[in-house]
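Right, one structure below, let's go through it.
The values are calculated or read from the model by the stated rules, or taken from the named source; none is laboratory data. This is a predicted model, so every value here is computed, not measured. Methodologically, a virtual Cβ is constructed for each residue, glycine included, from the backbone with ideal geometry; neighbour enumeration extends over all protein chains shown.
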Amino acid sequence: MRARCATGGAGRVPQCRGPRRAGPATSIPAGAAMLEPAIPADDAQRVDDLCRLQVLDTEPEGRFDRITRTAARTFAVPIALVSLVDTDRQWFKSRLGLDATETPRRLSFCAHAILDEGAFVIPDAAADPRFADHPAVTGAPHVRFYAGMPLHGAAGHRVGTLCLVDHRPRTFGPGDEQALADLAGWAELELNVYTIGQATAVAREKEERLQAVLDTAGDGVVTLGVDGRIVLVNPAASQMFGRAAGALVGTPVMDLVAPAARAEVRAFMAELAARPRGVAASVRRELACLRADGTPFSAEIVVTRMRGTAASGYTTVVRDISERKKVERMKNEFIATVSHELRTPLTSVRGSLGLLLGGAAGEIPSRARGLLDIATSNCDRLVRLINDMLDIEKIESGNVRFDLAPQALVPLVRQAMAATDSFAQQFQVRYVLRPDAVDGRVLADADRLTQVVVNLLSNAAKFSPAGGEVEVGIGWLPGTVRRLRLWIGDRGPGIPQAFRDRMFSRFLQADGSDARSKPGTGLGLAISKAIVERLGGRIGFADRAGGGTEFFVELPALAPPGALPAAAGEVLVCEDDPVIAALVCRLLEQGGLRADVAPTAAEARRLLAAHPYRAMTLDLGLPDEDGLSLLRALRAEPATARLPVVVLTARAAPEGVDAAAFGAHDWLSKPIDGERLLATVRRALHGPRGERPVVLHVEDDADLVRVVGAVLEDSAETVHAGSLAQARGLLAERPFALILLDMQLPDGDASGLLAALPARNAATPVVIFSGSEVAADVAAQVKNALVKSRTSSGQLLALLHRLMGPAPGKLP
C-alpha cells in the first residue's frame with residue numbers, strides 16, 4: 001500500500017506516513033464487486049500537489065463548512081462534502097450529513113470524479129450497472145444520486161471534489177452543473193488561499209531567520225548588483241570596513257578593494273558572469289581590502305554569482321585575516337630564526353665530529369673514539385629532533401616548498417632501502433623488495449617522498465624481531481582512477497588497540513614497554529602523514545595475516561607502468577652519426593658526465609634553449625648547417641656565449657690556428673681518443689689540467705667555514721666571504737667553479753646576490769647551504785638547495801664533486 005500525505009502546523013513541510021483511520025468509516029462487505037476507480041498517470045504528481053496544500057488531517061474549519069451548507073441548501077441534498085483523494089483513501093475536509101471522516105479510495109465515487117474535468121454525475125446508482133452493487137449503494141449511506149466537481153491544487157492537478165449525495169434518484173441539468181462549478185471554484189479558492197497563507201508564513205519565518213543569521217554572523221556579507229555596486233551589507237561588514245551600512249549601499253565594490261588587487265577582482269567577476277548555468281559560479285581569493293581611513297587589511301573572500309531575475313548579482317563573504325597573517329609572519333620568523341641559530345652550529349659540530357672520526361686529525365685513541373661515537377650519536381639524535389619539529393610545523397602550515405616531478409617508485413624505494421640499511425643492521429633486520437613490485441610513477445617531491453619511505457622502513461626495522469625481514473611491495477589499487485599502493489610490512493608485535501586512533505599523532509610511540517629504548521622523536525609518522533596528504537595521497541596501517549603490521553601509502557598514479565623520460569644531461573653531444581654519438585655519450589658517462597644527443601644544428605638549438613648544458617661537443621659536418629656557423633651563432637647569443645664547446649670532427653685543425661680563434665675550447669680529430677676527450681671536456685668545464693677548482697663559500701659562521709674547508713681540502717680551494725659585500729667584491733674580481741651560499745648574512749638576505757651575479761660568474765653553479773628552506777623562486781635560480789643539519793659532509797662533498805666534475809677526495 002502506498003504511503004499518503006499528512007501535514008503539521010503552519011509553516012511545516014508535509015511528510016509522508018502510513019495509512020490511518022480517524023473516526024467512523026464506511027464498512028466494506030467481504031466479496032463486494034463494483035467498478036473500482038482507475039489510477040491516473042499523473043497520480044504521484046497529483047498526490048504531491050495535494051500534500052503541498054498542507055490541509056489533510058487538519059481540524060474542521062468554518063470557511064469550508066459554509067461551502068457544504070450552501071451546496072446542500074442550493075441543491076436540496078442531505079449530504080455535501082469537500083473530499084480530498086489521497087493515495088489510498090478519500091478524506092473529507094468538510095462533511096454535512098455524513099459521520100465518516102474518510103473512506104477507502106477504491107470505494108470512493110470522488111476517485112472516479114477526478115479522472116476528468118467537468119462534473120461526474122450518477123443520476124441513479126442502483127440502476128447503473130457500474131455501481132449497483134457498491135456497498136454505499138446497497139447499504140448506508142444508501143447513495144442513489146451523486147454529482148462531483150473536481151478541485152485543483154496549485155500545480156493544476158485534480159486533488160479532490162465538491163460533491164453532492166442524495167438518497168433518491170434525480171436529474172442534473174446544465175444550470176445545475178454551472179452552479180456546482182461555481183461552488184467548487186469557491187472551495188478551490190479556499191484550498192489555495194490556505195496554501196498561500198502557509199507559504200507566506202514560511203517565507204516570513206525564513207526571512208527572519210536569514211536576517212538573524214546575517215546580523216549575528218562574524219564574517220562580513222556584502223551583496224552586489226550586476227553593476228558591481230553594493231546592495232546590502234551586514235553589521236560585521238560595516239564594522240570591518242569602518243563605514244555605516246547606509247554609506248556603503250550604492251558604493252562601487254572596487255572602493256573597498258586595494259588598488260593593486262582591483263584588476264584581479266574585475267577578472268574573476270567577469271569570469272563568474274560568463275559561466276553558464278549549472279557550472280560552479282563561486283571563487284575564493286585572498287586579497288587586500290581598504291578600511292574607511294584607507295588602511296589596507298588582508299581578507300579572504302568568497303564571491304558567488306546569483307542567478308535569476310529576482311536575485312541577480314553577486315554575494316560576497318568577507319573574512320578579515322590580518323591577525324592570522326600577523327601570527328603566520330611571527331611564526332615563520334621564529335622558525336627561520338630557530339632554523340638558522342640551531343642548524344648552523346649543529347652542522348659545525350656534526351661535521352667536526354665526522355672529520356675527527358674519519359682521521360682528519362690523525363689516529364684517535366680507542367677510549368677517545370668511544371666518547372666521540374657517543375657525541376656523534378647524540379648529536380644525530382638532536383639533529384633529528386630539531387629537523388622533525390621544524391618539518392612538522394612547516395608542512396602542516398603549508399610553508400614547505402614541494403618540487404613536484406614524475407617519480408618512479410621502484411628506484412626511489414631502492415634508494416631509501418639503501419639509505420636505511422645500516423640502521424636496520426643495528427636490529428639484525430634486512431629489507432626485501434618483492435619481485436612483483438610495480439614500476440609505476442607518481443607526481444611527487446622525491447626528497448619528501450623518500451623521507452616518508454625512510455620513516456616507515458626505520459619504524460618497521462625498530463619493531464621487527466632480530467633476524468626478521470621487512471617486506472616492501474608496490475601494486476595497483478582497483479578502481480577507475482589509477483592509484484599506486486606502496487606497503488611496508490613487518491613481523492613485529494603489532495599496534496596495541498589503545499594507540500590505533502592516535503597512531504599518526506605527534507610524539508607518540510606505541511610500544512610503551514620499551515619505547516625509550518627505540519630511537520626516534522615520535523614525529524616520523526605525523527610528518528609522513530602530512531607529506532602524503534600534501535601529495536594528494538593517503539597513509540594508513542593494517543594488521544598482517546600471521547602477525548605484524550603493514551603500513552601503506554596510496555598515491556595517484558601518473559601513467560601505466562613504463563620508463564621515465566631521460567633527464568637532461570650536463571653535456572650536449574652534437575653529432576649526426578648515431579654510432580659515434582653513442583660512443584661519445586658512453587665515454588662521458590664513464591667519467592661521471594650525463595649527455596644528450598642532437599643529430600642536427602636545429603635540434604641542438606632547441607635543446608640548448610630548453611636546458612642549461614654545462615658543455616658541448618660539436619661535429620662540424622652537420623646535415624643541415626656547417627658546425628662553425630652554428631658555433632659563431634652560439635657565441636653571438638648571451639645565453640650560450642660562454643658555453644664551453646669542444647670541436648670533435650674528422651677535419652684536421654687548421655695549421656697554426658688555435659681552437660679559441662673559432663670560439664672553441666679545443667679541437668679534437670676523429671678517431672676519438674677517449675681519455676683525451678674526457679680530459680678536454682673536464683678542462684673546458686673546470687679550467688686547465690692540474691688546476692684545482694676554486695669554491696666561494698659565503699657564510700658568516702666561522703666554525704662552519706672551517707669544517708667545510710676541511711671537507712673540501714683535497715678537492716678544491718676554498719675562498720671565504722663573511723658578508724654580502726665581501727662576496728660581491730670577490731665575485732667581481734675572479735671566476736669561481738662553484739658558489740656555496742648561506743642565505744642569511746649579517747648585511748642582508750642573499751637572494752639579491754643571486755639576481756645580480758657579475759658577468760664572469762653569471763654561469764657559475766650556485767648551491768644554497770642555509771639553515772632553512774628557501775622559496776621556490778629562489779631555488780629555481782640555483783643548482784641545488786641544501787638545509788644545514790639535514791645534509792651530511794659526505795652528501796655535501798658528493799654534490800660539489802658532481803657540480804665541479806669528478807675529482808678525488810675524502811668522505812668523512
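Could you pull out the residue among A762, A725, A807 that is more than 40 Å from the chain's Cα centre (by Cα) and at pLDDT 60 or above?
Details: A762 fails: more than 40 Å from the chain's Cα centre (by Cα); A807 fails: at pLDDT 60 or above.
Only one candidate passes the filter, namely A725.
Filter segment 112-140 for residues that are among the small types (G, A, S) and under 17 Å from I79 (Cβ atoms); which is surrounded by the most Cβ atoms within 10 Å (Cβ to Cβ)?
First, pick out the residues of segment 112-140 that are among the small types (G, A, S): 113, 118-119, 125-127, 132, 136, 139-140.
Narrowing the set further to residues that are under 17 Å from I79 (Cβ atoms) leaves 113, 119, 125-126, 136, 139-140.
Details: A113: 27, A119: 22, A125: 24, A126: 16, A136: 23, G139: 14, A140: 12.
Within segment 112-140, the match that is surrounded by the most Cβ atoms within 10 Å (Cβ to Cβ) is A113.
Answer yes if at least one residue in segment 83-93 is part of a loop (DSSP other than H, G, I, E, B), surrounded by 15 or more Cβ atoms within 10 Å (Cβ to Cβ) and more than 57 Å from the chain's Cα centre (by Cα), and no otherwise.
no
Working carefully through the options T87, T74, find the one that is under 20 Å from R170 (Cα atoms), among the polar types (S, T, N, Q) and at pLDDT below 95.
Values: T87 fails: under 20 Å from R170 (Cα atoms).
Every option except T74 fails the conditions.
Quick check: anything in segment 578-601 among the small types (G, A, S), modelled with pLDDT of 80 or more, out of contact with any strand residue (DSSP E or B) (no Cβ under 9 Å at 6 or more places or on another chain) and assigned to a helix (DSSP H, G or I)?
Checking segment 578-601: not a single residue is among the small types (G, A, S), modelled with pLDDT of 80 or more, out of contact with any strand residue (DSSP E or B) (no Cβ under 9 Å at 6 or more places or on another chain) and assigned to a helix (DSSP H, G or I).
Considering every residue within segment 256-266, establish whether at least one is of a type in the set (G, A, S), over 21 Å from D219 (Cα atoms) and touching a residue at least 12 places away in the same chain (Cβ under 8 Å). First the steps, then the outcome.
Quick first cut of segment 256-266, residues of a type in the set (G, A, S) only: 258, 260-261, 263.
Right, trim to over 21 Å from D219 (Cα atoms) and you get 260, 263.
After this cut, where a residue has to be touching a residue at least 12 places away in the same chain (Cβ under 8 Å) as well, the list is 260.
Yes - at least one qualifying residue is present in segment 256-266.
Under the condition of being hydroxyl-bearing (S, T, Y) and over 28 Å from the mean Cα position of the chain (by Cα), which residue from segment 430-483 is nearest to A530 (Cα to Cα)? Give the derivation first.
Pass one, segment 430-483, residues hydroxyl-bearing (S, T, Y): 431, 450, 458, 464, 480.
Now narrow it down to the ones that are over 28 Å from the mean Cα position of the chain (by Cα): 431, 458, 464.
Numbers: Y431: 25, S458: 18, S464: 25 Å.
Residue satisfying both the conditions and the ranking: S458.
A659 fails exactly one of the following numbered conditions: (1) at pLDDT 75 or above; (2) in contact with a strand residue (DSSP E or B) (Cβ under 6 Å, 6 or more places away or on another chain). What is the number of that condition?
Tallying (1) at pLDDT 75 or above; (2) in contact with a strand residue (DSSP E or B) (Cβ under 6 Å, 6 or more places away or on another chain), A659 fails exactly one: (1).
From the list R516, R502, R482, pick out the single residue that is within 23 Å of A405 (Cα to Cα) and at pLDDT below 85. Steps first, please.
Numbers: R516 fails: within 23 Å of A405 (Cα to Cα); R502 fails: within 23 Å of A405 (Cα to Cα).
None of the other options fit; the residue is R482.
Quick check: anything in segment 466-487 in contact (Cβ under 8 Å) with a residue 60 or more places away in the chain and either over 18 Å from E550 (Cβ atoms) or among the acidic types (D, E) (or both)? Outline the logic, then answer.
Keep residues of segment 466-487 that are in contact (Cβ under 8 Å) with a residue 60 or more places away in the chain, which gives 474, 476-477, 481-487.
Restricting the remaining residues to those that are either over 18 Å from E550 (Cβ atoms) or among the acidic types (D, E) (or both) gives 481-482.
Yes - at least one qualifying residue is present in segment 466-487.
Just give me the residues in segment 732-746 being surrounded by fewer than 13 Cβ atoms within 10 Å (Cβ to Cβ) and touching a residue at least 24 places away in the same chain (Cβ under 8 Å), in sequence order.
Going residue by residue through segment 732-746, those that are surrounded by fewer than 13 Cβ atoms within 10 Å (Cβ to Cβ) are 732-734, 746.
Scanning segment 732-746 gives A732, R734, P746.
Among the residues of segment 619-632, are any over 19 Å from N761 (Cα atoms) and in contact (Cβ under 8 Å) with a residue 60 or more places away in the chain? Spell out the reasoning first.
Filtering segment 619-632 down to residues over 19 Å from N761 (Cα atoms) leaves 619-632.
After this cut, where a residue has to be in contact (Cβ under 8 Å) with a residue 60 or more places away in the chain as well, the list is none.
No - not one qualifying residue is present in segment 619-632.
If you check V283, V303, which single one turns out to be at pLDDT below 85, at negative phi, assigned by TED's automatic domain parsing to the domain that holds S238 and touching a strand residue (DSSP E or B) at 6+ places or on another chain (Cβ under 8 Å)? Talk me through it step by step, then tell me what you get.
Values: V303 fails: at pLDDT below 85.
It is V283.
Please determine whether any residue of segment 570-584 is charged (D, E, K, R), crowded, with 20+ Cβ neighbours inside 10 Å, in contact (Cβ under 8 Å) with a residue 24 or more places away in the chain and out of contact with any helix residue (DSSP H, G or I) (no Cβ under 6 Å at 6 or more places or on another chain). Outline the logic, then answer.
So in segment 570-584, the residues charged (D, E, K, R) come out as 570, 575-577.
Filter once more, so that each one left must be crowded, with 20+ Cβ neighbours inside 10 Å: 570, 575.
Now restrict to residues that are in contact (Cβ under 8 Å) with a residue 24 or more places away in the chain: 570, 575.
Right, trim to out of contact with any helix residue (DSSP H, G or I) (no Cβ under 6 Å at 6 or more places or on another chain) and you get 570.
Among the residues of segment 570-584, at least one is charged (D, E, K, R), crowded, with 20+ Cβ neighbours inside 10 Å, in contact (Cβ under 8 Å) with a residue 24 or more places away in the chain and out of contact with any helix residue (DSSP H, G or I) (no Cβ under 6 Å at 6 or more places or on another chain), which makes the answer yes.
If I go through segment 113-129 residue by residue, how many of them are in contact with a helix residue (DSSP H, G or I) (Cβ under 9 Å, 6 or more places away or on another chain) and of a type outside the set (A, V, I, L, M)? It would help to see each step written out before you state the result.
Kept after step one, since they are in contact with a helix residue (DSSP H, G or I) (Cβ under 9 Å, 6 or more places away or on another chain), are these residues of segment 113-129: 114, 118-122, 125-126, 128.
Now restrict to residues that are of a type outside the set (A, V, I, L, M): 118, 120, 128.
Of the residues in that region, 3 qualify.
Listed residues Q211, Q198; which is at pLDDT below 85, surrounded by 19 or more Cβ atoms within 10 Å (Cβ to Cβ) and not in a loop (DSSP other than H, G, I, E, B)? Give the derivation first.
Working: Q211 fails: surrounded by 19 or more Cβ atoms within 10 Å (Cβ to Cβ).
From the options Q211, Q198, the qualifying one is Q198.
Please work out if L685 is assigned to a helix (DSSP H, G or I), modelled with pLDDT of 85 or more and either more than 30 Å from T344 (Cα to Cα) or assigned by TED's automatic domain parsing to the domain that holds F736 (or both).
Answer is no for this residue.
Looking at D133, is it of a type in the set (D, E), under 14 Å from L81 (Cβ atoms) and in contact (Cβ under 8 Å) with a residue 40 or more places away in the chain?
Details: of a type in the set (D, E): yes; under 14 Å from L81 (Cβ atoms): no; in contact (Cβ under 8 Å) with a residue 40 or more places away in the chain: yes.
No, not satisfied.
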